[in-house]
Every structure is written in structure tokens, then in C-alpha cells.
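Presented below is the structure to which this report refers.
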Amino acid sequence: MQKLCLNLKKVEKRFGEKNVLNGVTMDLFAGEIMGLIGPNGAGKTTLIKLIMGLLNLSGGSIYLFSRERGQLTSTDWSKIGYVSDEPNLYDFMTVDQIISFNSVFFPQWNSEKCCELKKRFQLPQHEPVKNLSRGMKAQLALILALCQEPQLLILDEPFDGLDPLRRIEFLNIILDEFTSSEDRTVFISSHYLEELERICDRVAFIHEGELKRVVKMEQLRVEEKTIRVVFQKQPPQSLLSMPGIKDIKKEGQTGYLLTVENNFNEIYQACGAFPHYVLEIYHRSIEDMFHDYS
Amino acid sequence: MVIRNLINKELFQLRWILIVGLLFNVGTAVLLVTTFNYLAGMVTEIPGEMIEMLAQYEVTRELLYIFEDYTIYVWSQWHAKNLFQIGALVVIIITSTQFAGEVGRGTISFYLTRPVSRIQGLSAKVASGVLLLGITVVSGIVVTWLISLVVGINANWALIFSATLLSFSWIIAYYLIGCVVSILNREPITAGVITGLVGIILSLPGFFPATRFLSLFYQMRATDYVILGGSFWPNLGISLVLNALIFIIACRIFKAKDF
């Protein structure tokens, strides 16, 4: 049986009269990398802030490592790494000072890794944080979170401000570290959907404060496909209403984009049997899912 | 270790206030001690009939009284004037920086997501604030004492230091009120202005003899204790209970606040 790392039960958050999160229920298992996607204002950052205890719950409960959030000890919290959507670090400290300040909180702090990453990303040790670019601050925030050797790494738009090369480098580090261990878990919110697709085991889609869908990447890749077909004449309604077709988008007079959730082979054969000009298969991506629910 | 780390961070962040406060206090202490003999000498040279004439006015009566006794002189320059003025100013600056400033700069999420409870986080901030205030406020008195020893002017130092403890305890009450205001605000300037306004409101009872004991700023001067011979322990006890109550309120607000 898989070990639960994070468990959200009917999580609600209201700011005054406004409901920002409505009963979000979700599990995150140890060893997983889970993505959180959704349009701006969907409630992603609010959900992450609730998990991190920066916001108080309006309803529901959050369990981390099988313990209610409010009951977590300092030792439990030291197992959680967090990078916020804004890399706001102490401006009055230098890079080395903030590393030294941060290291004290984490018994499992990895100084060797920290030195290595600092060199690799060419962070100026004695430079005050206020003089760093946004990208460099984001790198520093990621290094701080990675060097505490967290069991659960929570990242809220961590790659904003990073150039594509740095983004890939950090993704590789996360993949190397977190896929090699069965206990280490990542929960990441990002708008870089292609990159999420590369690293995530599951993706949760949130919209207007509601969790619309949690899907395994494997399922998305294998089971969900899109058929693009341009028929020579109008197809019969029975073809378009075959079980397994989740969504139909029309392209021109006789062109269709069929989103297929299951029963793929039968639908594909039926389309192929009807006179057509074009018949193509596309694998579904997170981006397609994003468009479905937005 | 963790709390000490947080306190060090606060002190490092507020180091300029500490340095400026120390320099100001040391400078004031040096001036205060070295000019006493000169000023007191000037007063003794005033002819008797002129003193009788001047004694009709309260201001000059007070002035003559101050120069009669070095203990009263030190009290009048520090507790009755500089301590609460500097204290109030430092309170406004540090409280607005410590909480609303941290929210305004967005660093509060970094602070609160270190593995410490909110109460520990708040306690570290309050402890560093009290320490900083203590150093800033008490430094002037200590330097005054040391220079007086060197120069050879005697005063009732037990009275001066116990009055300083009373003043400090009441300054902490204002500091904790400032913390509450700053926790409730997201902008440091707004928090500073509101703390200042609250200070003005709290000083109002001090303008009327019947209600002056209710004024925080009147209590900061320790006038009842030094001049009127009031009791030390009840006054200290009341201020400590008040401080504990405000601290509990601050804890509750800080714990329930969304950041």
C-alpha cells in the first residue's frame, strides 16, 4: 500500500465573501511527482499557502505525513521544502549569509550539495541578495529548498524568471533526486506545461477553486488521444456519438477533432472505414487538458 | 539554537537603528555629564534676590530643583525626556519593520516556512525587539553612570537604575502595542503612522493630573517613583501584567493571521 504524504480533505478557503477554494480533496503519495495546473486565479497559490500553513483553513483539513497540519512538529516541517511564487529572500543578507541563516533550521542540511550548486549556477557568494536578478533569486530559493534534503518539496511557480537552460538544469536535478528515492515527493505548480509533462507522475487541474481532475500521466499518454479526421462527406451521427468520445470540436465543414477517452481502436477503425481525406492521431498533452477545463 | 538564529537575523536587520541609537545615547550621556558642573555652577552664581524672583515661576522652580541634585538632574534628562522620546521613536521604527515591513517585502512567507511555530517566530521577533530597545534605552544611562564615576559626580544610582527598569518596562508595553498594530497591517508606513497615532492617544491622559497615571508615557518617566516617592514593585508588577496581556493578544492575532 502506498504511503500518503499529503492528504487534502474538503479544503476550503474564503477571503471575506469570496470562495477561493471549494472542497478540494486530493491525495499525494510518497515517491510521486505531482503537478498542479490551472489558469491564473484558479486557487493554486492559495492551496499551496494553505498546505504550508501561511493561510488558515476556512473548512476541511490537511494532513502531511499522516498528521493534521496543526499537529506537525518542527521536525516534520523541516522535512518540507518550499519555494514560493515570489523569490522574496532577505535583501540585507548576502548569498552566503542567507545560506548560513537557512542551514541552521534543517538538521539534514547538505553543505556539500549547497557548495556544488552554488558553483554550478555561479551564484556570487558575497553579493547582497538585493543585487541579484529575479532569475538568480529564483535559483537561490531553489538551492535553499533542495539543500535541506526535503522529503516533500513544494514548488509554486519555481521556474518564473529562469532562462530555459537553467529551467532544464533544475528539472534534471529534481528528476535525479526525487525519482531515485521512493520516499521523496514533489508537488509543483507551474505554467510550463511541457516541463511538467516531462517530470510528473500525476497532474491535478484546478479551476475556479475546484479540483476538476487528477490524471496519471501514463493514462493521459496511453489512453487519451485525439483523432483528427477530415471526412469526404458528413459522417453519420452514430459515428460521432460512439462511446468513448469525450469531446468533439469541428474544423471546417467535414473536419473533426475527437478527444477519445477510451474505446480508441473501435473509434479509430470506424473513422477509417468512412471515406476521409485525413486521419491522424495525436497524443493528449497536459496543455490539451488545460484547454479542456479552462 | 533556532530561536537564537532568528533573533540574530532580526538584530542584523535592525543593526543601523541600534548603531544610531547607541551613538546618540553615548553622545548625549557625555554632554549631559560634562555640562552638569558648568550649568549647576551658573545657577549657584545667580544672586539670591533674583532666585527668589525666578522662583515665582514653575518652570524656573523646576530648573532650580534639577540642578540641586545630580540624581534628579540625570532623571530629568533621561527618564523625563530622552528615554521615552527615543524609546517611542525606536518602537515605531522597529515594529513597523519587524512585521508589516516583512509582509510588505514579501519575506514573511520565507520567515514563516522555516520549521518554527508561529509563536516561536513571534517570540523571536519580540525578544530581539526588547533586546534592541534595552540596549538603545539603557545604554545612555550606563554610559552616564560610567562617565559620572570617572568624573567623580555622585548620584543615587540604585534609584536611577530601578527607575530605568520601570521606564523600560512601560516602553515595552508601547512596543508590544506597536507589534499588534504592525501585525494587523501590511504596509510599514501605515503601521508606523498608526502606532504613532495610538501613542498620541495613549499620552492624552497624561495632560490631566487626575488621569495622568493612565498615560503610558507618564509611566515611562517614572515620575511617581523618583519624585513623589511612589512604590517600585506595584508599578513594575502592573507593567509586567500589562505586557503579558498584550503579548498574549499579539500571539493570538499572529497565529490567526493569513499571510
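The values are calculated or read from the model by the stated rules, or taken from the named source; none is laboratory data. Source: prediction; values computed, not measured. Cβ sites come from the backbone with ideal geometry, for glycine too, and all protein chains shown count toward neighbours.
Every listed requirement among (1) touching a helix residue (DSSP H, G or I) at 6+ places or on another chain (Cβ under 7 Å); (2) outside the structural domain of A:Leu8 (by TED's automatic domain parsing); (3) under 23 Å from A:Lys44 (Cβ atoms) is met by A:Asp288 save one, (1).
Identification of helices (runs of 4 or more DSSP H) wholly contained in the stretch A:32-112 with 1 or more residues that are free of Cβ contacts under 8 Å to residues at least 24 places away in the same chain and touching a Pro at 6+ places or on another chain (Cβ under 8 Å) yields A:74-77. Counted as qualifying within the stretch B:157-259 are the helices (runs of 4 or more DSSP H) with 3 or more residues that are over 29 Å from B:Val33 (Cβ atoms), namely B:157-184, B:188-203, B:232-256. Kindly check whether there is at least one residue in the stretch B:221-240 that is within 14 Å of chain A (Cβ to nearest Cβ) and among the aromatic types (Phe, Trp, Tyr). Within the stretch B:221-240 (the criterion being within 14 Å of chain A (Cβ to nearest Cβ) and among the aromatic types (Phe, Trp, Tyr)), the answer is no, since none of the residues qualifies. Selection of the stretch B:95-110 for residues being in a helix (DSSP H, G or I) and either free of Cβ contacts under 8 Å to residues at least 60 places away in the same chain or aliphatic (A, V, I, L, M) (or both) yields B:Ala100, B:Glu102, B:Val103, B:Arg105, B:Ile108, B:Phe110. Annotation note: Cβ proximity below 6 Å between a residue of the stretch B:227-246 that is of a type outside the set (Phe, Trp, Tyr) and a residue that is exposed (fewer than 12 other Cβ atoms within 10 Å of the Cβ) and modelled with pLDDT of 95 or more (sequence gap 6+ or interchain) occurs for no pair.
If we keep just the residues of the stretch A:96-109 that are surrounded by fewer than 16 Cβ atoms within 10 Å (Cβ to Cβ) and at pLDDT 95 or above, which is nearest to the other protein chains (Cβ to nearest Cβ)? Selected residue: A:Ser100. When the stretch B:197-249 is filtered for residues that are within 16 Å of B:Ile177 (Cβ to Cβ) and either aromatic (Phe, Trp, Tyr) or out of contact with any helix residue (DSSP H, G or I) (no Cβ under 8 Å at 6 or more places or on another chain) (or both), the ones remaining, listed by number, are B:Leu197, B:Ile200, B:Ile201, B:Leu204, B:Phe217, B:Tyr218, B:Ile238, B:Val241, B:Ala244, B:Leu245, B:Phe247, B:Ile248.
This table checks each residue for (1) surrounded by fewer than 18 Cβ atoms within 10 Å (Cβ to Cβ); (2) in contact with a Gly (Cβ under 7 Å, 6 or more places away or on another chain); (3) away from chain A (no Cβ under 14 Å).
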residue: B:Arg4; (1), (2), (3): yes, no, no
residue: B:Lys9; (1), (2), (3): no, no, no
residue: B:Leu14; (1), (2), (3): no, no, no
residue: B:Thr28; (1), (2), (3): no, yes, yes
residue: B:Leu39; (1), (2), (3): yes, no, yes
residue: B:Val43; (1), (2), (3): yes, no, yes
residue: B:Glu49; (1), (2), (3): yes, no, yes
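Picking from residues in the stretch B:113-141 that are hydrophobic (A, V, I, L, M, F, W, C) and surrounded by 21 or more Cβ atoms within 10 Å (Cβ to Cβ), the one that is farthest from the other protein chains (Cβ to nearest Cβ) is B:Ile141.
Among the conditions (1) over 16 Å from the mean Cα position of the chain (by Cα); (2) under 20 Å from B:Val116 (Cβ atoms), A:Tyr82 misses just one, which is (1). Of the strands (runs of 3 or more DSSP E) that lie entirely inside the stretch A:188-273, those containing 1 or more residues that are farther than 27 Å from A:Gly38 by Cβ and touching a residue at least 24 places away in the same chain (Cβ under 8 Å) span A:225-231, A:255-260. The single condition among (1) surrounded by fewer than 15 Cβ atoms within 10 Å (Cβ to Cβ); (2) more than 14 Å from chain B (Cβ to nearest Cβ) that A:Tyr63 does not satisfy is (1).
A quick yes/no check of all residues on (1) at pLDDT 95 or above; (2) over 25 Å from A:Cys200 (Cβ atoms):
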residue	(1), (2)
A:Ala30	no, no
A:Ala42	no, no
A:Ile51	yes, no
A:Leu57	yes, yes
A:Ser74	no, yes
A:Asp91	no, yes
A:Thr94	yes, yes
A:Leu117	no, no
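Against the condition more than 14 Å from chain A (Cβ to nearest Cβ) and either touching a Cys at 6+ places or on another chain (Cβ under 6 Å) or outside any helix (DSSP H, G or I) (or both), how does B:Gln77 come out, does it pass?
The answer is no for B:Gln77.
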